[in-house]
1. Based on the mean of other Cβ atoms within 10 Å per residue, sort peptides 16-27, 64-75 so the most packed one is first.
2. Answer rounded, prolate or oblate for the chain, using the Cα gyration tensor with square roots of eigenvalues a ≥ b ≥ c: rounded when a/c is under 1.5, else prolate when a/b is larger than b/c, else oblate.
3. Under a point spin-label approximation (7 Å from Cα along Cα-to-Cβ), what is the ARG162-ASP60 distance to one decimal in nm?
4. Over the chain, with every protein chain in place, what whole percent of the accessible area is carbon and sulfur at 1.4 Å, could you tell me?
5. Whole number in Å², please: accessible area per residue of segment 104-165, 1.4 Å probe, ligands, DNA and RNA not counted.
6. Identify, among ILE74, ILE124, ILE40, the residue whose Cα sits farthest towards the positive end of the charge dipole of the chain, taking +1 on the Cβ of Lys and Arg and -1 on the Cβ of Asp and Glu, with the dipole about the Cα centre.
7. In nm, give the distance between the simple-model label positions of GLU87 and ASP9, each being 7 Å from the Cα along the Cα-to-Cβ direction.
8. List, in order, the whole-Hz ³J(HN,Hα) value for each residue of segment 85-102 obtained from phi through the Karplus relation with A = 6.51, B = -1.76, C = 1.60 and θ = phi - 60°; use x for Gly and Pro.
Amino acid sequence: MNGNTNKTDAFLKNTGIWEGEFSNYVNQMEGITQRGKMIIEVETTPEGTIIQRNFFVRPDGTKSDYVGIAQMRIEGNRLLWAGEAVEDPNTAEEIRNHSFEGIITDDQIYIVELYEAVGKDGTIERRRNTTHYYFLSDKEAVMTGSVYVNDELLVFASTRLRRVR
């Protein structure tokens, strides 16, 4: 880290809420664009675990049933999963071969998550999620992400986030 203010600390080391309008491109049915609001709740525990919950709110104000959840810890300039991921809390599907690693700089976080989701019928989907945060300040960031299923792009997304609490 150089001598400048570390903007990523405002996100990773402080309990808070970040919000922003999002736009997701879903690579299905010749392309679908989803819009709405994203709410990210970040909680830091006394033990150093970072719990992040991502909520999506539709343009009509209703919350989606999906909640993105991550439990992370910082080791040097790395962001690693805390504990084990064995089940998707949204679908109750088994998760196998989970790996999660992020790289942290003064003003950026880049995360790659890989795993296999085992469907109720036994089918296995290989998933790769990437998330990139670029912090404009300790209160504002641009987030981009992508989701691949079986090496095919499913979603790419962007959000401009502001710390609201």
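The values are calculated or read from the model by the stated rules, or taken from the named source; none is laboratory data. Keep in mind the model is a prediction, meaning the values are calculated, not measured. Ideal geometry is used to build each Cβ from the backbone, glycine not excepted, and the neighbour counts take in all protein chains shown. SASA here: full protein model, heavy atoms, side chains in, ligands and nucleic acids out. Shrake-Rupley method; radii C 1.70, N 1.55, O 1.52, S 1.80 Å.
1. Going from most to least packed, we get 16-27, 64-75.
2. oblate
3. Simple spin-label model gives 2.7 nm for this pair.
4. Values: 4500 of 9550 Å².
After summing per-atom areas, the C and S share lands at 47 percent.
5. 55
6. ILE40
7. Here the answer is 3.9 nm between the modelled labels.
8. In residue order, the calculated couplings are 9, 10, 8, 6, x, 7, 10, 6, 6, 5, 10, 10, 6, 6, 9, 8, 8, x Hz.
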